[in-house]
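Trainee: I have a structure I would like to understand better, so I am pasting it below and will then ask my questions one at a time.
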Amino acid sequence: MSQDRQLTVVAFAGSLRRASYNRALLRAAQEMVPPQMTLSILEIDGIPLFNEDVEQQGDPEPVARFKQAIREADGLLIATPEYNHGVPGVTKNAIDWASRPPRQAVLDGKPVAILGASPGITGTARGQSQLRQAFEFTNSYCMPQPEILVYQAHQKFDAEGRLTDEKTRAFLGKFLLAFREWIQRLAG
Ligand SMILES: Cc1cc2nc3c(=O)[nH]c(=O)nc-3n(C[C@H](O)[C@H](O)[C@H](O)COP(=O)(O)O)c2cc1C
(Lines give C-alpha, C1' and ligand atoms only; values in the text may rest on other atoms or scores of the structure.)
Protein backbone atom coordinates (compact mmCIF):
# COMPACT_ATOMS: atom_id res chain seq x y z
CA MET A 1 0.00 0.00 0.00
CA SER A 2 1.23 3.50 -0.74
CA GLN A 3 2.25 5.11 2.54
CA ASP A 4 0.61 8.31 1.24
CA ARG A 5 -2.89 6.87 0.89
CA GLN A 6 -5.52 8.28 3.25
CA LEU A 7 -6.69 5.53 5.64
CA THR A 8 -10.25 5.46 6.86
CA VAL A 9 -10.97 4.07 10.30
CA VAL A 10 -14.42 3.60 11.76
CA ALA A 11 -14.96 3.34 15.49
CA PHE A 12 -17.69 2.52 17.93
CA ALA A 13 -18.11 2.59 21.69
CA GLY A 14 -19.65 -0.45 23.34
CA SER A 15 -21.80 1.71 25.58
CA LEU A 16 -25.18 3.34 25.00
CA ARG A 17 -24.73 5.72 27.92
CA ARG A 18 -24.98 9.38 26.93
CA ALA A 19 -21.96 10.38 29.06
CA SER A 20 -19.97 7.25 28.20
CA TYR A 21 -16.24 7.50 28.96
CA ASN A 22 -15.59 5.14 26.09
CA ARG A 23 -17.35 7.34 23.54
CA ALA A 24 -15.52 10.33 25.07
CA LEU A 25 -12.27 8.46 24.51
CA LEU A 26 -13.15 8.02 20.85
CA ARG A 27 -13.93 11.74 20.56
CA ALA A 28 -10.47 12.47 21.98
CA ALA A 29 -8.98 10.06 19.45
CA GLN A 30 -10.84 11.90 16.69
CA GLU A 31 -9.27 15.19 17.81
CA MET A 32 -5.75 13.82 17.67
CA VAL A 33 -5.98 11.52 14.67
CA PRO A 34 -2.60 11.43 12.87
CA PRO A 35 -2.03 12.61 9.30
CA GLN A 36 -3.28 10.32 6.50
CA MET A 37 -5.97 8.86 8.72
CA THR A 38 -9.63 9.75 9.25
CA LEU A 39 -11.74 8.49 12.13
CA SER A 40 -15.55 8.30 12.05
CA ILE A 41 -17.59 7.29 15.06
CA LEU A 42 -20.50 4.93 14.37
CA GLU A 43 -23.55 4.97 16.61
CA ILE A 44 -24.82 1.50 17.42
CA ASP A 45 -27.90 2.25 19.49
CA GLY A 46 -30.23 1.14 16.66
CA ILE A 47 -28.68 -2.31 16.40
CA PRO A 48 -31.12 -4.91 17.74
CA LEU A 49 -30.18 -7.98 19.73
CA PHE A 50 -28.81 -10.61 17.41
CA ASN A 51 -31.43 -13.09 16.30
CA GLU A 52 -30.71 -15.58 13.56
CA ASP A 53 -34.38 -15.62 12.51
CA VAL A 54 -34.25 -11.86 11.92
CA GLU A 55 -30.93 -12.21 10.11
CA GLN A 56 -32.46 -14.74 7.73
CA GLN A 57 -35.01 -12.11 6.67
CA GLY A 58 -32.14 -9.75 5.84
CA ASP A 59 -30.05 -7.45 7.99
CA PRO A 60 -32.09 -4.71 9.68
CA GLU A 61 -31.19 -1.26 8.30
CA PRO A 62 -28.94 -0.17 11.24
CA VAL A 63 -27.05 -3.47 10.98
CA ALA A 64 -26.66 -3.15 7.21
CA ARG A 65 -25.30 0.41 7.62
CA PHE A 66 -22.93 -0.70 10.38
CA LYS A 67 -21.58 -3.60 8.31
CA GLN A 68 -21.19 -1.45 5.21
CA ALA A 69 -19.22 1.18 7.14
CA ILE A 70 -16.84 -1.51 8.40
CA ARG A 71 -16.57 -3.07 4.94
CA GLU A 72 -15.51 0.25 3.41
CA ALA A 73 -13.05 1.13 6.19
CA ASP A 74 -9.38 0.23 6.36
CA GLY A 75 -9.60 -0.40 10.08
CA LEU A 76 -11.99 -0.75 13.01
CA LEU A 77 -11.40 0.81 16.42
CA ILE A 78 -13.48 -0.32 19.41
CA ALA A 79 -13.69 1.42 22.76
CA THR A 80 -15.24 -1.04 25.13
CA PRO A 81 -16.29 -0.82 28.75
CA GLU A 82 -15.89 -3.86 31.00
CA TYR A 83 -18.96 -5.35 32.64
CA ASN A 84 -18.61 -8.03 35.30
CA HIS A 85 -15.05 -8.79 34.23
CA GLY A 86 -16.06 -9.33 30.63
CA VAL A 87 -17.21 -7.78 27.35
CA PRO A 88 -20.53 -5.89 27.69
CA GLY A 89 -23.39 -7.37 25.70
CA VAL A 90 -23.66 -4.14 23.69
CA THR A 91 -20.11 -4.51 22.35
CA LYS A 92 -20.40 -8.24 21.74
CA ASN A 93 -23.80 -7.95 20.09
CA ALA A 94 -22.45 -5.50 17.51
CA ILE A 95 -19.50 -7.80 16.83
CA ASP A 96 -21.82 -10.81 16.49
CA TRP A 97 -23.83 -9.07 13.75
CA ALA A 98 -20.67 -7.95 11.98
CA SER A 99 -19.24 -11.48 12.13
CA ARG A 100 -21.86 -12.83 9.73
CA PRO A 101 -21.76 -14.69 7.43
CA PRO A 102 -18.71 -16.54 8.78
CA ARG A 103 -15.60 -16.40 6.57
CA GLN A 104 -17.16 -13.75 4.30
CA ALA A 105 -17.88 -11.27 7.04
CA VAL A 106 -16.77 -7.64 7.02
CA LEU A 107 -14.54 -8.51 9.97
CA ASP A 108 -12.63 -11.15 8.02
CA GLY A 109 -9.05 -9.92 7.59
CA LYS A 110 -9.95 -6.50 9.02
CA PRO A 111 -7.33 -4.67 11.10
CA VAL A 112 -8.85 -3.97 14.53
CA ALA A 113 -7.66 -2.09 17.60
CA ILE A 114 -9.22 -2.12 21.05
CA LEU A 115 -9.12 0.42 23.82
CA GLY A 116 -11.22 1.00 26.86
CA ALA A 117 -11.94 3.17 29.88
CA SER A 118 -13.44 2.44 33.28
CA PRO A 119 -13.57 4.16 36.64
CA GLY A 120 -11.99 1.06 38.21
CA ILE A 121 -8.30 0.38 38.63
CA THR A 122 -7.93 -2.31 35.97
CA GLY A 123 -9.17 -0.07 33.15
CA THR A 124 -11.10 -2.76 31.18
CA ALA A 125 -8.15 -5.21 31.10
CA ARG A 126 -10.35 -8.30 31.38
CA GLY A 127 -13.02 -7.00 29.01
CA GLN A 128 -10.44 -6.19 26.34
CA SER A 129 -8.75 -9.53 26.76
CA GLN A 130 -12.05 -11.36 26.30
CA LEU A 131 -12.91 -9.28 23.23
CA ARG A 132 -9.61 -10.27 21.60
CA GLN A 133 -10.76 -13.89 21.69
CA ALA A 134 -13.75 -13.08 19.49
CA PHE A 135 -11.39 -11.79 16.81
CA GLU A 136 -9.67 -15.17 16.62
CA PHE A 137 -12.90 -16.65 15.29
CA THR A 138 -13.67 -13.76 12.96
CA ASN A 139 -10.12 -13.87 11.54
CA SER A 140 -9.64 -10.18 12.25
CA TYR A 141 -6.16 -8.78 12.84
CA CYS A 142 -6.32 -7.35 16.30
CA MET A 143 -3.33 -5.11 17.09
CA PRO A 144 -1.48 -6.79 19.97
CA GLN A 145 0.40 -3.74 21.29
CA PRO A 146 0.25 -1.04 22.50
CA GLU A 147 -2.71 -1.52 24.82
CA ILE A 148 -4.67 1.37 26.29
CA LEU A 149 -6.34 0.75 29.62
CA VAL A 150 -7.76 4.04 30.84
CA TYR A 151 -8.22 3.33 34.55
CA GLN A 152 -9.84 5.74 37.04
CA ALA A 153 -11.55 7.35 34.06
CA HIS A 154 -13.63 9.66 36.28
CA GLN A 155 -10.36 11.50 37.09
CA LYS A 156 -9.25 11.77 33.47
CA PHE A 157 -12.26 13.38 31.80
CA ASP A 158 -13.88 16.67 32.71
CA ALA A 159 -17.63 17.26 33.15
CA GLU A 160 -18.01 17.83 29.38
CA GLY A 161 -16.37 14.49 28.61
CA ARG A 162 -13.10 15.99 27.43
CA LEU A 163 -10.00 13.89 28.04
CA THR A 164 -7.92 16.17 30.23
CA ASP A 165 -5.23 13.80 31.45
CA GLU A 166 -2.09 14.72 29.53
CA LYS A 167 -0.35 11.35 29.94
CA THR A 168 -3.39 9.55 28.56
CA ARG A 169 -3.65 12.01 25.65
CA ALA A 170 0.02 11.46 24.79
CA PHE A 171 -0.41 7.71 24.96
CA LEU A 172 -3.54 7.83 22.84
CA GLY A 173 -1.61 9.73 20.18
CA LYS A 174 1.05 6.98 20.12
CA PHE A 175 -1.63 4.31 20.01
CA LEU A 176 -3.21 5.89 16.91
CA LEU A 177 0.17 6.11 15.18
CA ALA A 178 0.76 2.43 15.98
CA PHE A 179 -2.67 1.53 14.55
CA ARG A 180 -1.95 3.45 11.35
CA GLU A 181 1.31 1.51 11.01
CA TRP A 182 -0.50 -1.76 11.77
CA ILE A 183 -3.03 -1.14 8.98
CA GLN A 184 -0.28 -0.16 6.53
CA ARG A 185 1.78 -3.23 7.40
CA LEU A 186 -1.16 -5.58 6.89
CA ALA A 187 -2.04 -3.99 3.58
CA GLY A 188 1.52 -4.74 2.38
C1 LIG B 1 -23.40 -4.09 34.92
C2 LIG B 1 -22.10 -3.39 35.16
C3 LIG B 1 -20.97 -4.12 35.43
C4 LIG B 1 -19.74 -3.49 35.61
N5 LIG B 1 -18.61 -4.24 35.80
C6 LIG B 1 -17.40 -3.63 35.80
C7 LIG B 1 -16.21 -4.42 35.79
O8 LIG B 1 -16.22 -5.62 35.79
N9 LIG B 1 -15.01 -3.76 35.76
C10 LIG B 1 -14.94 -2.38 35.73
O11 LIG B 1 -13.83 -1.83 35.69
N12 LIG B 1 -16.06 -1.61 35.74
C13 LIG B 1 -17.27 -2.22 35.76
N14 LIG B 1 -18.43 -1.47 35.73
C15 LIG B 1 -18.32 0.00 35.74
C16 LIG B 1 -18.13 0.53 34.33
O17 LIG B 1 -16.76 0.46 34.03
C18 LIG B 1 -18.63 1.97 34.25
O19 LIG B 1 -20.03 1.99 34.40
C20 LIG B 1 -18.20 2.67 32.97
O21 LIG B 1 -18.43 4.05 33.11
C22 LIG B 1 -18.93 2.09 31.75
O23 LIG B 1 -18.41 2.61 30.56
P24 LIG B 1 -19.04 3.91 29.85
O25 LIG B 1 -18.65 5.09 30.71
O26 LIG B 1 -18.38 3.97 28.51
O27 LIG B 1 -20.52 3.74 29.78
C28 LIG B 1 -19.67 -2.07 35.57
C29 LIG B 1 -20.84 -1.34 35.32
C30 LIG B 1 -22.03 -1.97 35.11
C31 LIG B 1 -23.26 -1.15 34.80
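Trainee: Tally the residues that are under 21 Å from Leu186 (Cα atoms) and either free of Cβ contacts under 8 Å to residues at least 40 places away in the same chain or within 16 Å of the ligand (Cβ to nearest atom) (or both), restricting the search to segment 1-38.
Mentor: Residues of segment 1-38 under 21 Å from Leu186 (Cα atoms): 1-11, 33-38.
Keeping just the survivors that are either free of Cβ contacts under 8 Å to residues at least 40 places away in the same chain or within 16 Å of the ligand (Cβ to nearest atom) (or both) gives 2, 4-6, 11, 35, 38.
Qualifying residue count for the region: 7.
Trainee: Under 8 Å between Cβ atoms, which residue pairs at least 6 apart in sequence (or on different chains) link something in segment 126-138 that is aliphatic (A, V, I, L, M) with a partner that is assigned to a helix (DSSP H, G or I)?
Mentor: Leu131/Thr91; Leu131/Lys92; Leu131/Ile95; Ala134/Lys92; Ala134/Ile95
Trainee: Any chance segment 108-115 includes a residue that's away from the ligand (no atom under 16 Å from the Cβ), open to solvent by 60 Å² or more (accessible area, probe 1.4 Å), without any contact (Cβ under 8 Å) to a residue 60 or more places away in the chain and of a type in the set (Asp, Glu)? Step through it out loud before you land on a result.
Mentor: Initially, segment 108-115 is screened for residues away from the ligand (no atom under 16 Å from the Cβ), giving 108-113.
Next, from what is left, pick out any that are open to solvent by 60 Å² or more (accessible area, probe 1.4 Å): none.
No.
Trainee: Could I ask something else about it? Which one of these does Lys67 not meet: (1) open to solvent by 40 Å² or more (accessible area, probe 1.4 Å); (2) within 20 Å of Lys110 (Cα to Cα); (3) in a helix (DSSP H, G or I); (4) of a type outside the set (A, V, I, L, M)?
Mentor: (1)
Trainee: Here are the criteria: (1) open to solvent by less than 60 Å² (accessible area, probe 1.4 Å); (2) without any contact (Cβ under 8 Å) to a residue 60 or more places away in the chain. Tell me which single one Tyr141 does not satisfy.
Mentor: It fails just one condition, (1).
The values are calculated or read from the model by the stated rules, or taken from the named source; none is laboratory data. In this text, all values refer to a predicted model and were calculated from it rather than measured experimentally. Ideal geometry is used to build each Cβ from the backbone, glycine not excepted, and the neighbour counts take in all protein chains shown. Only protein heavy atoms, including side chains, enter the accessible area calculation; ligands, DNA and RNA are left aside. Shrake-Rupley method; radii C 1.70, N 1.55, O 1.52, S 1.80 Å.
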